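Since the structure comes first, as C-alpha cells, the remarks are kept for the end.
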Amino acid sequence: QVQLVESGGGLVQPGGSLRLSCAASGIIFSRFVMGWYRQGPGKQRELVADITSGGSTNYAGSVKGRFTISRDNTKNTVYLQMNSLKPEDTAVYYCNAYLRTDRPTKEYDYWGQGTQVTVSS
C-alpha cells in the first residue's frame, strides 16, 4: 500500500519560512520523481517544484529563488523549504510521486492528502 504523508504546514506571517516534509512508503522511493503541488482557494492545482531520481530540480517561476526542494533517499522523504513566504503562497500543498516505465509502458502516480499553508499577518 502506497502512502505519502505530508507534514509541516501551518500559519506563518509574510516573510516567514516553513519546511514541508513528505514521507513515502510502499514504493521504491529512489526511482520516483517527487513533486510538490499546491491548490489555492478557487484555483487549479499547480506544480510548485519537482526533483528527479538523479536530483535535478524544476521550479515554478513564482517560487524560484524562494523555495528549495530536496530529497533524502535513505529516509524516503522529500522536503520543500519555503522562505520569504507571501500571502499568495497560501494553499493546500500536496506531495506527488511519479514514475513512468518502459517495456511495458506503465505510469505510477500517487498523491498525499495535502497540508495547509496559510500566509497571513
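The values are calculated or read from the model by the stated rules, or taken from the named source; none is laboratory data. Since we're looking at a predicted model, the values are computed, not measured. So basically every Cβ, Gly included, is an ideal-geometry build from the backbone, and we count neighbours across all protein chains shown. We work out accessible area using only protein heavy atoms, side chains counted, and drop any ligands, DNA or RNA first. Shrake-Rupley method; radii C 1.70, N 1.55, O 1.52, S 1.80 Å.
Looking at the stretch 1-23, I want the residues that are closer than 16 Å to R66 by Cα and at pLDDT 95 or above and have a partner that is part of a strand (DSSP E or B) and open to solvent by 50 Å² or more (accessible area, probe 1.4 Å) with Cβ atoms under 7 Å, at least 6 apart or on another chain. Which pairs are those?
What qualifies is R19/Q81.
Restricting to the stretch 24-45, name every residue that is modelled with pLDDT of 95 or more and at positive phi.
G26
Exactly one condition in (1) of a type in the set (A, V, I, L, M); (2) under 21 Å from G9 (Cβ atoms); (3) touching a residue at least 60 places away in the same chain (Cβ under 8 Å) is not met by L99; state its number.
Of (1) of a type in the set (A, V, I, L, M); (2) under 21 Å from G9 (Cβ atoms); (3) touching a residue at least 60 places away in the same chain (Cβ under 8 Å), only one is false for L99: (2).
Can you tell me which condition L80 does not meet? The list is (1) under 21 Å from Y110 (Cα atoms); (2) in contact (Cβ under 8 Å) with a residue 60 or more places away in the chain; (3) open to solvent by 30 Å² or more (accessible area, probe 1.4 Å); (4) of a type outside the set (V, I, T), and all the others hold.
Evaluating L80 over (1) under 21 Å from Y110 (Cα atoms); (2) in contact (Cβ under 8 Å) with a residue 60 or more places away in the chain; (3) open to solvent by 30 Å² or more (accessible area, probe 1.4 Å); (4) of a type outside the set (V, I, T) leaves (3) as the failure.
Output the residues belonging to the stretch 88-98 that are outside any strand (DSSP E or B) and open to solvent by less than 70 Å² (accessible area, probe 1.4 Å).
D89, T90
Can you confirm whether T118 is under 22 Å from L11 (Cα atoms), open to solvent by 60 Å² or more (accessible area, probe 1.4 Å) and assigned to a strand (DSSP E or B)?
It is false that T118 is under 22 Å from L11 (Cα atoms), open to solvent by 60 Å² or more (accessible area, probe 1.4 Å) and assigned to a strand (DSSP E or B).
Pairs only if they're at least six apart or on different chains, beta carbon under 9 angstrom, first in the stretch 24-46 and within 20 Å of T57 (Cβ to Cβ) and without any contact (Cβ under 8 Å) to a residue 24 or more places away in the chain, second aromatic (F, W, Y) and surrounded by 12 or more Cβ atoms within 10 Å (Cβ to Cβ); list them, first residue then second.
Close Cβ pairs (under 9 Å, with a partner that is aromatic (F, W, Y) and surrounded by 12 or more Cβ atoms within 10 Å (Cβ to Cβ)) amount to E46/Y37.
Within the stretch 22-70, count every residue that is in a strand (DSSP E or B), open to solvent by 30 Å² or more (accessible area, probe 1.4 Å) and within 21 Å of D89 (Cβ to Cβ).
10
Take the residues in the stretch 1-21 that are open to solvent by 50 Å² or more (accessible area, probe 1.4 Å) and of a type in the set (A, V, I, L, M), then tell me which one is farthest from the chain's Cα centre (by Cα).
Selected residue: L11.
Any idea which residue in the stretch 99-114 is least open to solvent (accessible area, probe 1.4 Å), counting only those that are in a strand (DSSP E or B) and over 17 Å from D50 (Cβ atoms)?
The selected residue is T101.
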